[in-house]
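Visitor: Below you'll find the structure I mean.
The values are calculated or read from the model by the stated rules, or taken from the named source; none is laboratory data. Everything numeric here is computed off the predicted structure, so don't read it as measured data. Cβ coordinates were reconstructed from backbone atoms using ideal geometry, including for glycine residues, and neighbour counts include every protein chain displayed. For the accessible areas, the whole protein counts, side chains as well, though only heavy atoms, and no ligand, DNA or RNA atoms are used. Shrake-Rupley method; radii C 1.70, N 1.55, O 1.52, S 1.80 Å.
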Amino acid sequence: MRPLLLHLDHFGSFREPVTVDFSDTEYFALVGPTGAGKSTIIDAICFALYGTVPRWGREGAVAHALAPSVSAGKVAMVFESDGRRYGVARAMVRDAKGAVRTKEARLDELDPAAPLAGAFDAVVKPLAEGENVTPEAQQVTGLEYRFFTQCVVLPQGRFAEFLHAAPRERQDLLVQLLDADVYELIRQRAAREEETAKQSASFARDQLAKLSGATEEAERELAERLAALRRLAETMGVDLDLLRAREADIRRAEQERALVAERQSVLAQLRMPAAVPTLASARRAAAEAVETLTAEVAALEADEHEAFESLTALGDRGAPQAALAALDHRERLRAEAARARAAAASAAAELEGLAGELATADQVLAAAEQQRERLRDAHAAAHLVGRLTVGEPCPVCHHPISRLPRHEPPADMRTADRVLAGARERAQRARAAHAKAETSASMSATQAARLESELAALPAPGDRAVLEAQLAAIAKADQLAAQARTAVRAARRRLEEARADAEQVERQADSAWRTLEAARDRLLVSGAQDDPPPPLTREDLHRAWTELLGWRDRAAQAARAALAEREEQLGQARDRLAADRHRLAERLAEHGVVVPRDASPDQVGAAVAGSVARAEGALDRLKEERKRAADLESQIAMKEHEAKVAHELALRLRANAFERWLCAEALAVLVASASDTLRELSDGQYELALSDKTGDIEVIDYGEAGMRRSARTLSGGETFQAALALALALSGAVARGLDSIFLDEGFGTLDPATLDTVATTLERLAAGQERMIGVVTHVPALAERVPVRFEVRRDAKGSHVRKAGIG
C-alpha cells in the first residue's frame, strides 16, 4: 500500500480542509512542534483504510475523529496497491446526543491514467460501501489492521525490547508479535475434533446396533419367500377367472331382480287423480254456464243499443246549453246597464254641486288676494313715508312734497299670507274634486251607452222552461245508456270467467288423460310386454282409469311372485361365490397373503402383487442394510483413527517444548533476515547471530575482526539499526511487498552521534529499498537531512500542513 493523496476535512486537530500530496515523494518527514498534529496525518491514513486508529485505544473507536466543537468531518485517500489505484473515503457526523459515528464510507477502484487532482471522479468500479469497506481494504492491501499497525507504523520500541530481552521474555514477545498463540487454538481445535470423532464413532455404533437383523440367513429366507409368492402369482389366474364368472352371474341376477322390483314400484305408484270422478259433471256445468251467460250478454247488448239510439235521437245537449247561456248573458247585461244609468245620473247630480263649491272657492281666493295686495301697498307706503323729505320730489309722482302724509300702522302681513294660503288650498281641493266628478260622470255615461248597445245587438231570447226540459230529457237518456253499458260489461266479465272455468276443466281433463297415457307407457317400458295394459279409449276418462287400475292389481300380484323367484336365484349365486372365495383365501393364507372376505378378483390379484412387491422391497432393504452395516463398520474404524490422531496432536501441542521449538525456529529465521538487513544498513560492519550457549542475540562486529558481542553493548544509533532490521524482518514475514513504512518514534532523546547514525540508516533504507519512508519527528537535525518534509503547525484555528524541500 502506497499513499498518493490524503485529504483531511475537520479530522482531529485539522479544523480546515487540507490536502497532502505524497505522489512525488519517496522519503519525507512530518516535522513540527509537539502537539502540532504530525501523528494525526498518520492516524488519518489508518482511519481512511480501517475506520479506527491505534492511538485511540480499543479497535473500532471513532470518538476522537472529531474535535468537541465539530459536528461533521471527512477523510479521503488515493493510494496504490499491487499496481492498481484506489480511492477510499469516510465521513463522520456527531448526532444529537454528542456521539460520533461514521455516516458514510466507500472504496472504489480508480483509473490510474486520470490526473491525481480529479482521481475521485475517475471511478472504474465501486468495490464496497458502509461496513464492507474495512474488509475490502484488508483484501486490497493484503494487510489486516493489526499487521498494518505493526508493519506500516513500525512498533520499534517493542523491537528494542525484543533485542535486549532475556530468552523467556523474548519467547513471550515473539509469541505475541507473531501470533504464535494460534497453535493453542489449533490444540483446542484438535481436542474438539477428537471429541467430535468419538461422538461420530459412537453414533455409528448405535446405528450399526439397529441393523443387527441384517444377516445372510435373513436374506436367504426373504429370497425363498419371494420365489414362492411369484409362483403363486403365476398360477392363480384360473381361480381369479372363476371368481369373475361368479360375480358376473350375481350381477345378472341383481339386474333381473332390479327390473322386477322397478316394475313392482311403478305398479305401486299408479294412482287415479282425485279430480277424475267429477270431471264429467264439471265439464257439463261449465258448458251450461257459458251458454247461459252468452244469451244474457246478447240481451243486454240489445238494451244498450236501444238506449244509445234514444240518446242520439234527443240530439246534442250543446245547443240548449248555449241558448241557456245566452239567456243568462242577456239578463246580466240588462242588470249592468241599469246600474250604469243610475251611476251616471248620480255623478251628474254630484257634478252640479261641486261646480257651485268651486265657484265659491274661487271668489274667496280672489278676495284674499286683493286684501293682501292692499295690505302690501300699505306697508310699502308706511315704509316710504319714513324716507320722504318736505320739498323733495315724491318718488312716485315726482312733485315736490309740501307736507308729509300721516298713516295709521297697517295690519300684520303674516296673517294675510295665512289667509291667502288657506283660500288657495280650499280652491285647489274644490277644483280636484270637480275634475274627478267630471271624469266619473263621463265614464258612467259611456259604460251605460255601451251596455245598452250590446243588449240591443243580442238575438231574440228563447223560452227558459223549454230549454231546461230539453236538457233534463237528454240527461235521463244518458243515465239509462250508462246503466245499460255497465250491465253489459258486468255480463261480459262473468262470461269470461265462465269460459276460463270451462278451459280450466278442459285442461284438467287433458292432464288426466296425459297422466293416464304416461302411466301406461311406463308400465309397457317396465316389462309388461307379455301382459300389456288395456288399450285406452278417449270416450270416458273415469272408465279408462278404472280399467287400468284393475289390470294394475293383477300385474302387481304377478310381479311379487317374480321378485321372490329372482331373490332365490341371487342367493344361490352368492353362495357359490362365497365357497370359491373361501377356498382361494385358504390358499393365499398358506403364503401369508391376507385379503378381506368381500375382496374382488382384481383386489385379490392386487394383494398378491403387493405381497410380491413388498417381499422384493424387503429383500432390497435388507441388502441395503447389509451394505449400510459394512459402511458403518468402516466409518467407525475411520472415526476412531481420526480421534486417535487428534488426541496425539493435542498432546504434542500441549507440551511447552513445542512452543520453545517454534519460537526458536522463528527466531532463527528472523535473526537471519534481520542480519542481512543490518549488514546493508551498517555498510557491512554488523551482522546478527544467536548465541549457542545462552540463546541471546549477539552482534558480529566486522570492524573488530568479526568479534561477537552482546546486543546490549550497542550504542543508541547501533541499537536503532539493529531494532529497525528486526522490525523490517518481521514486516517482511507478515506483509510481503510492503510499499511504505512510517516511523513514529521519539528521536528527541538521541545524542548527536546516535541521531547521525539513525539519519544515515534511514537514508540507506530509502535509497536501497523500493518503498516510501516517512518519519515523524520534531528534531530539526533529523528533519533537515530528509529531502522532503511536511511542516505541521497549529494555531487557534487548528493544525495546518505545508510541503517544503531541504532549506
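Visitor: Counting each DSSP H run of 4 or more residues in the chain as -39500 (n - 2.57), what helix-only mean residue ellipticity at 222 nm follows after dividing by all residues, to the nearest 500 deg cm²/dmol?
Guide: Calculated from helices alone, the mean residue ellipticity at 222 nm is -22500 deg cm²/dmol.
Visitor: Near the amide H of E104, under 5 Å away, which other amide H atoms are found, from residues 5 or more places off or on another chain, if H is placed in the peptide plane?
Guide: A91
Visitor: Could you compute the FRET efficiency for S281 and R574, with r as their C-beta to C-beta distance and R0 at 45 Å, rounded to 0.05?
Guide: 0.20
Visitor: OK, next. About the Cα centre of the range 590-641, what is the dipole size in debye to 20, counting +1 per Lys and Arg Cβ and -1 per Asp and Glu Cβ, all else neutral?
Guide: It works out to roughly 120 debye.
Visitor: Can you list residues whose amide H is under 5 Å from G12's amide H, if they're 5+ apart or on another chain and H is modeled 1.01 Å from N?
Guide: Counting only residues 5 or more places away or on other chains, the set is L66, A67.
Visitor: Next question. A 28 angstrom limit on the alpha carbon distance is what I want to check against. Which of K74/K125; K623/K644; K125/K797; K198/K627; K103/K125 exceed it?
Guide: K623/K644; K125/K797
Visitor: List the relative contact order of the chain as a percent without decimals, with contacts defined as Cα pairs under 8 Å and 6+ residues apart.
Guide: Contact order relative to length: 24 percent.
Visitor: Of the options S39, G51, A89, report the single residue whose Cα projects farthest towards the positive end of the charge dipole of the range 33-156 (beta-carbon charges: Lys, Arg +1; Asp, Glu -1).
Guide: It is S39.
Visitor: Also, I was wondering about something else. Ranked highest first by average number of other Cβ atoms within 10 Å, how do 4-17, 411-424 line up?
Guide: 4-17, 411-424
Visitor: Across the range 406-413, in residue order, what do the Karplus-derived ³J(HN,Hα) couplings come to in whole Hz, using 6.51 cos²θ - 1.76 cosθ + 1.60 with θ = phi - 60° and x for Gly and Pro?
Guide: So the Karplus estimates, Gly and Pro as x, are 10, 10, 7, x, x, 5, 6, 5 Hz.
Visitor: Which of A435, L451, P395 sits closest to the plus end of the dipole of the range 392-459, meaning its Cα is farthest towards the positive end, when Lys and Arg get +1 and Asp and Glu get -1 on the C-beta?
Guide: Ranked along the dipole, the leading option is P395.
Visitor: Which ³J(HN,Hα) values, rounded to whole Hz and listed in residue order, are derived for the range 347-363 from phi using the Karplus coefficients 6.51, -1.76 and 1.60 in 6.51 cos²θ - 1.76 cosθ + 1.60 with θ = phi - 60°, glycine and proline given as x?
Guide: Working through the residues one at a time gives 5, 5, 5, 5, 5, 4, x, 5, 5, x, 4, 5, 5, 4, 4, 5, 5 Hz.
Visitor: Under a 1.4 Å probe, what is the accessible area of the chain per residue, stated in Å²?
Guide: Solvent-accessible surface per residue comes out at 57 Å².
Visitor: Further question on the same structure: Please compute the net charge surrounding V604, taking Lys and Arg as +1 and Asp and Glu as -1 over other residues with Cβ under 13 Å from its Cβ.
Guide: -1
Visitor: Which net charge results when you count Lys and Arg as +1 and Asp and Glu as -1 among the other residues whose beta-carbon is under 12 Å from that of Q363?
Guide: -2
Visitor: Something else now. Return the carbon/sulfur percentage of the accessible area of the chain, one whole number, probe 1.4 Å, all protein chains in place.
Guide: Exposed carbon and sulfur together represent 52 percent of the surface.
Visitor: Among 129-139, 698-708, how do they line up by average Cβ neighbours within 10 Å per residue, starting with the highest?
Guide: The peptides rank, most packed first, as 129-139, 698-708.
Visitor: Quick one: which residues, 5+ away or cross-chain, put their amide H under 5 Å from the amide H of V595? H built at 1.01 Å from N.
Guide: Here nothing satisfies the definition.
Visitor: Which Cα, out of A233, L267, H305, lies furthest along the positive dipole direction of the range 194-308 (beta carbon charges, K/R +1, D/E -1)?
Guide: The one lying farthest along the dipole's positive direction is A233.
Visitor: Something else now. For the range 668-675, just list the computed ³J(HN,Hα) in residue order, Karplus coefficients 6.51, -1.76 and 1.60, θ = phi - 60°, integers in Hz, with x standing in for Gly and Pro.
Guide: Calculated HN-Hα couplings, in order: 4, 5, 4, 5, 5, 5, 5, 4 Hz.
Visitor: Quote the relative contact order of the range 502-591 in percent (integer), defining contacts as alpha-carbon pairs under 8 Å separated by 6+ residues.
Guide: Relative contact order, the range 502-591: 19 percent.
Visitor: Classify the chain as rounded, prolate or oblate, taking a ≥ b ≥ c as the square roots of the eigenvalues of its Cα gyration tensor: rounded when a/c is under 1.5, otherwise prolate if a/b is larger than b/c and oblate if not.
Guide: Note, shape of the chain comes out oblate.
Visitor: Let me spell out the model: positive unit charges on the Cβ of Lys and Arg, negative unit charges on the Cβ of Asp and Glu, origin at the Cα centre of the chain. What dipole size does that give, in debye rounded to 20?
Guide: Here the chain has a charge dipole of around 2620 debye.
Visitor: Now for a separate question. Check cross-link reach from K803 to the lysines: straight Cα distance under 17 Å, and skip same-chain residues fewer than eight apart.
Guide: Within the straight-line limit of under 17 Å, K803 reaches these lysines: K38.
Visitor: I want the local charge near Q685. Using Cβ-Cβ distances under 14 Å, sum +1 for each Lys or Arg and -1 for each Asp or Glu among the other residues.
Guide: Residues near Q685 contribute -3 overall.
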